[in-house]
Amino acid sequence: MKHLLYALLKVTSAIGGVLSIGIIIAVFVAFLILPQMPKLEENADFELQVPFSVYTQDGKLIGEYGKERRIPLSFSDTPQLLVDAILAAEDDGFFEHPGIDIKGIIRALLANIQSGQTAQGASTITMQVARNFFLSSEKTYSRKLNELFLALQLERQYSKEQILELYLNKIFLGHRAYGFAAAAKVYYDKTVDELDLAQIAMLAGLPKAPSQSNPVTNPERAVKRRNYVLGRMKQLGFITEQEFESAKNQALTAEKYAPDIEFDAPYMAEMVRQHLYEQYGEDIYGTGYKVYTTLDSNLQTASDQSLRKGLIRYDRRHGFRKTEKSTDPLNPYGHLQVATVKSLADKTATIELANDEQVELNWEELAWSRVKSEQGSKKPSSAKDLISAGQQIYIESTEENWRLAQIPQIAGAMITLDPKTGAIKALTGGFDFNLSKFNRAVQAKRQAGSNIKPFIYSAALEKGYRSLSKVSAEPLAIKDDSLDEGVWLPGNYSGKFYGYTTLREALSKSLNLVSVRLLNSIGIQFGIEHLGKFNFDTKTLPRGLSLALGSADVTPIQMVSSYAVFANGGYRVEPYFIERIVDRDGNPVATSPSTSTCPYCPAYSNQDTSYAVQTSVTKKPTKLTLSPANAYVMTDMLQEVVRSGTAIEAKKRLGRSDIGGKTGTTNDFKDAWFSGFNHNLVTSVWVGFDQPRTLGKRESATRVALPIWIDFMEIALKDMPETSIARPDNIRATDNEFYIVSNRPEYKDKAFVLDTIQTETEQKAEGLF
């Protein structure tokens, strides 16, 4: 068709008859163009593609996602000077012509025939709108004719102001900016009413070649185009000679600006993006939806800072890793900044910060640990043992100055829920999202270690045990044909053995042998079924006594939501992170399930609401999965862990009586956990290497994970009154114990005591060797 039209136009050019052009075009349109033209009424809505944005619960922007950056702009809100600049650059007869410029079209046709190319366009603003909404950008005569007749239709159906508003919002202006409001933010970080004359002329000149002639990609060409627009504005009387000269001589001020992210929470923002993409597909990127998450910005800041501080603290204990000078520039991560070593003295170094300021690091700020290298580890004796002149290094701020730092190799995650609803209030998936996008808070499956013990103890309470029931903590041998030795010999972390030990003390000290005997006593299958009442997947739990010591692989989000059951009095909550979604006009699109741990609400619906976004707001209770009495006793036992056990440091630093929790360390110190709570917040911390390996001797959860949790809770619980849950009716109290009065006669007031010394027959009866 292109060749046919080209031949016809060659003929009409040869005969030079304008009448012939009109006849041929009319015939062509009647038979070929009009049947293929898009129907304008089918696309009359002109929905603009606007990125969707993600916010914290308190309205701070944490992410923006879309193929096109666009900020809708109405004609009434558009500065007149911008309108004048666009008309001067693109179509000064816009308000007079019927949508097409007849003289310009004929001039362009003749020029293209003479050159043998289709480079010249003569498009009016209306024709550009028709092309951008309905047609491709290919330069062919058939597309041009489509564009022409669509422009005429647009002019019949819409006012000039409406057409210009479509142009203001739809036109591509480079660097993913569509529309002038978006371009003002991309190039100048301003709204359109904040732009000066030179900046307005710069933007008005972009539609001709937005990718090649924008002020970021090609400043020189962009300035020439800007000055051309200014000249046209002066010629048309839109600006004075003085304004023209002043703007023409103005220095280029454009840069490429990123979206105005107000708050740093990239792990959560990416979770939202993935979730909505799974729901809506590619369409989500143009909806303009505003998604409000459950994140509390204050808690999120505390979570990020506490985890980074804890990972750096561990990393510093294991030495400074000297690296050779590299030509590749370093990138800042977390709170760590990049500096350049300018010079070295014996035990000082002069460094240059990113702002060109030079500071001196003293010996204490340099030599805070032994130096690790391929040759081994040694104590540094001078600055050159650590760094080299000209080298880029990482530094972190101190109260008085800066000190040498490094990116920690250790990884970690922290997640905090509201135990009453399951709302995720803070989530940190690693040291820095830009360093690793792997979200360990929801994706990392690691062995639970002793963090799983409270759920075994809870199962024992269901079987009639009490917190003062005594279980043997003596050595134990268990037949296991999967081992080379044929026998498993579990031991306590301390290496010590005990006699009769109450469950309260055993949990407080995290005695492995008691946990194994408990699980064996209640039955492995019963224990697995009980763990299924929480948020553990029973299909993946080990079918052996090693379950009692945390051989199950779990994610931090599973762990924290399971501990929430203790914190809220026995109700299972499903974690969720989207509070509500509204469209670009603020109308509700969806809300998350509104849940409550209210024991007086109607019966719970079994519908799975995990990560769901519901379209209606219905207040419903969560599922009562554990008896309130069991949750009450377990909470008291976990508070004992803080009062006198492995988490006593939390009591010393926080000075509260309403907090409970449990440490968790796996075999060979490969994983360190701490999960703890009061009745308003529940938080789990995990620390380990992404590729599992030992954290090092004595690097237990008490030393590695617990301090991170304490650092966080010092901020999170500040000014929060202590809380408690009312004691259930079937709980009895003595001077040193709360215990459950069971309705079942065989368990009423019964305290199990397992013999310290068992015969071989008794051991075999229990499944032991």
*What is the number of the single condition among (1) farther than 18 Å from Ala423 by Cα; (2) not in a helix (DSSP H, G or I) that Gly310 does not meet?*
(2)
*Among the residues of region 485-505, count how many are surrounded by 20 or more Cβ atoms within 10 Å (Cβ to Cβ) and either of a type in the set (D, E, K, R) or under 39 Å from the mean Cα position of the chain (by Cα) (or both).*
2
_I'd like the residue in region 314-343 that is among the aliphatic types (A, V, I, L, M) and at pLDDT 95 or above and, out of all such residues, is farthest from Ala672 (Cα to Cα)._
Val341
*If you take the residues of region 511-547 that are without any contact (Cβ under 8 Å) to a residue 60 or more places away in the chain, among the hydrophobic types (A, V, I, L, M, F, W, C) and part of a loop (DSSP other than H, G, I, E, B), which of them is surrounded by the most Cβ atoms within 10 Å (Cβ to Cβ)?*
Leu511
*How many residues are in contact (Cβ under 8 Å) with a residue 40 or more places away in the chain, surrounded by fewer than 24 Cβ atoms within 10 Å (Cβ to Cβ) and assigned to a loop (DSSP other than H, G, I, E, B) when one looks only at region 696-718?*
4
*Can Ser508 be described as farther than 17 Å from Tyr465 by Cα, crowded, with 20+ Cβ neighbours inside 10 Å and of a type in the set (Ser, Thr, Tyr)?*
no
*Could you please let me know if Thr294 is of a type in the set (Ser, Thr, Tyr) and at pLDDT 95 or above?*
yes
*Specify which of the listed residues (Phe689, Phe669, Phe674, Phe712) is hydrophobic (A, V, I, L, M, F, W, C), at positive phi and modelled with pLDDT of 95 or more.*
Phe669
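Here is a yes/no grid of residues against (1) among the small types (Gly, Ala, Ser); (2) under 27 Å from Asn298 (Cβ atoms); (3) at pLDDT 95 or above:
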{"position": "Ile393", "(1), (2), (3)": "no, no, yes"}
{"position": "Glu396", "(1), (2), (3)": "no, yes, yes"}
{"position": "Thr421", "(1), (2), (3)": "no, yes, no"}
{"position": "Ile424", "(1), (2), (3)": "no, yes, yes"}
{"position": "Thr428", "(1), (2), (3)": "no, yes, yes"}
{"position": "Asp432", "(1), (2), (3)": "no, yes, yes"}
{"position": "Ala448", "(1), (2), (3)": "yes, no, yes"}
{"position": "Ile452", "(1), (2), (3)": "no, no, yes"}
{"position": "Ser458", "(1), (2), (3)": "yes, no, yes"}
*Please enumerate the residues belonging to region 273-293 that are out of contact with any helix residue (DSSP H, G or I) (no Cβ under 9 Å at 6 or more places or on another chain), touching a residue at least 60 places away in the same chain (Cβ under 8 Å) and either assigned to a helix (DSSP H, G or I) or open to solvent by less than 20 Å² (accessible area, probe 1.4 Å) (or both).*
His275, Gln279, Gly286, Gly288
*asked:* Can you find a residue that is within 24 Å of Leu311 (Cα to Cα) and in contact (Cβ under 8 Å) with a residue 60 or more places away in the chain anywhere in region 338-354?
replied: yes
*Is it the case that some residue within region 471-484 is in contact with an Asp or Glu (Cβ under 9 Å, 6 or more places away or on another chain), touching a residue at least 60 places away in the same chain (Cβ under 8 Å) and open to solvent by 10 Å² or more (accessible area, probe 1.4 Å)?*
no
*So which residues in region 439-468 are in contact with a strand residue (DSSP E or B) (Cβ under 8 Å, 6 or more places away or on another chain) and open to solvent by 50 Å² or more (accessible area, probe 1.4 Å), if there are any at all?*
Lys445, Gln447, Leu468
*List, please: which pairs have Cβ atoms under 6 Å, are six or more places apart or on different chains, and start with a residue in region 72-94 that is outside any helix (DSSP H, G or I) and end with one that is of a type in the set (Gly, Ala, Ser)?*
Leu73/Ala181
_Every residue in region 395-415 that is over 30 Å from Arg446 (Cα atoms) and open to solvent by 30 Å² or more (accessible area, probe 1.4 Å), please._
Ser397, Thr398, Glu399, Glu400, Asn401, Trp402, Arg403
*Which of (1) farther than 17 Å from Leu173 by Cβ; (2) open to solvent by 50 Å² or more (accessible area, probe 1.4 Å); (3) touching a residue at least 12 places away in the same chain (Cβ under 8 Å); (4) outside any loop (DSSP other than H, G, I, E, B) is the odd one out, the single condition Phe238 does not satisfy?*
(4)
*Which ones in region 193-215 are open to solvent by 10 Å² or more (accessible area, probe 1.4 Å), modelled with pLDDT of 95 or more and within 21 Å of Glu64 (Cβ to Cβ)?*
Glu194
*Hits in region 416-430 (condition: open to solvent by 10 Å² or more (accessible area, probe 1.4 Å) and either among the aliphatic types (A, V, I, L, M) or in contact with a helix residue (DSSP H, G or I) (Cβ under 9 Å, 6 or more places away or on another chain) (or both))*: Asp418, Lys420, Lys425
*Residues of region 317-340 being open to solvent by less than 60 Å² (accessible area, probe 1.4 Å) and basic (Lys, Arg), which ones?*
Arg321
_Whichever residue in region 127-167 is buried (at least 17 other Cβ atoms within 10 Å of the Cβ) and acidic (Asp, Glu) and, among such residues, is modelled with the lowest pLDDT_ = Glu147
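The values are calculated or read from the model by the stated rules, or taken from the named source; none is laboratory data. Worth saying up front: this structure is predicted, and the values here are computed from it rather than measured. FYI the Cβ positions are ideal-geometry reconstructions off the backbone, even for glycines, and counts take in every protein chain you see. Side chains are part of the model used for accessible areas, which takes the heavy atoms of the whole protein and leaves out ligands, DNA and RNA. Shrake-Rupley method; radii C 1.70, N 1.55, O 1.52, S 1.80 Å.
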